[in-house]
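To start, the structure itself, in structure tokens.
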Amino acid sequence: MGSIDIPEDVKKELLKFLQENKKNDLVEAYLFFVEKKFNIRPVLFPREKTIYQSVEELIKHLEEKGQLWRETEIRIQFGQESVNEETKKIYICPFTGKVFGDNTHLNPQDAIYDWVSKCPENTERVGGLKVKRFFVSEDPEIIKKYIGKGIKPVTKTVYSSLITGKLFNSKKAVIDDFKKSHVKRLSLFEVQNQNRYQIENHLLEFIQKHLTEDKISEFVESISDYEEFKEYVENWTE
């Protein structure tokens, strides 16, 4: 039987994991080792009910399908009475650039609904009625664009999240918000021990390749050469 190479940094992380984990389950320890050695960072994307190998793989998948962000243009109608340095969230009319801030209007969402339903520039109709379509943004860089004085409205290119519909100043801001709010980090052990979600093919093939009796035995044999792991190996072999 062969042996498995255990890098020094992975060995230290594995020892710390075993010291902190009272169960000391062999399969869980082995999958932790595999996760660290191969830099696997599984994430659940609840919207698709699918687990991916990493958030980077998920983002690549969504970008290739055109399902993460969309470049769009907004009209900016300046008005300091509507947006100021304390504003955290804005509602924007896509037809005129009129904006309502969360701290400058008592009910900004009601105000934007009322505005777009009466806006003369709104020529979009559904069932004969004006659509009540508007943009929402909590991106500080977007909000800053509305603070200032200008003679005429200006047009700016921004990015719309296809997950939430919110506007962001850059693709990076869309992706940062996605990482923060729309995925859940999982361990390989959690991935293996769940049956509620689909596992993306690359990750599934990876797990099937590495989670075998032979490879687990090689793992045990390899770490048994280190004095600090002997008590754990003895518990597993008992």
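The set of residues in the stretch 1-58 being touching a strand residue (DSSP E or B) at 6+ places or on another chain (Cβ under 9 Å) and either of a type in the set (K, R) or outside any loop (DSSP other than H, G, I, E, B) (or both) consists of R41, V43, L44, F45, K49, T50, I51, Y52, V55, E57, L58. With respect to being surrounded by fewer than 17 Cβ atoms within 10 Å (Cβ to Cβ), touching a Pro at 6+ places or on another chain (Cβ under 7 Å) and not in a helix (DSSP H, G or I), R196 falls outside the description. Residues in the stretch 142-178 that are farther than 10 Å from W69 by Cβ and either of a type in the set (F, W, Y) or not assigned by TED's automatic domain parsing to the domain that holds E85 (or both): Y146 alone. Taking the stretch 155-193 as the range and being part of a loop (DSSP other than H, G, I, E, B) and within 16 Å of S54 (Cβ to Cβ) as the test, the residues that pass are H182, V183, L186, S187. Once the stretch 199-238 is narrowed to residues that are among the polar types (S, T, N, Q) and surrounded by 15 or more Cβ atoms within 10 Å (Cβ to Cβ), the residue that is farthest from V34 (Cα to Cα) is S224.
The values are calculated or read from the model by the stated rules, or taken from the named source; none is laboratory data. Keep in mind it's a predicted model, so treat the numbers as computed, not measured. Every residue, glycine among them, receives a Cβ derived from its backbone with ideal geometry; neighbour counts consider all protein chains shown.
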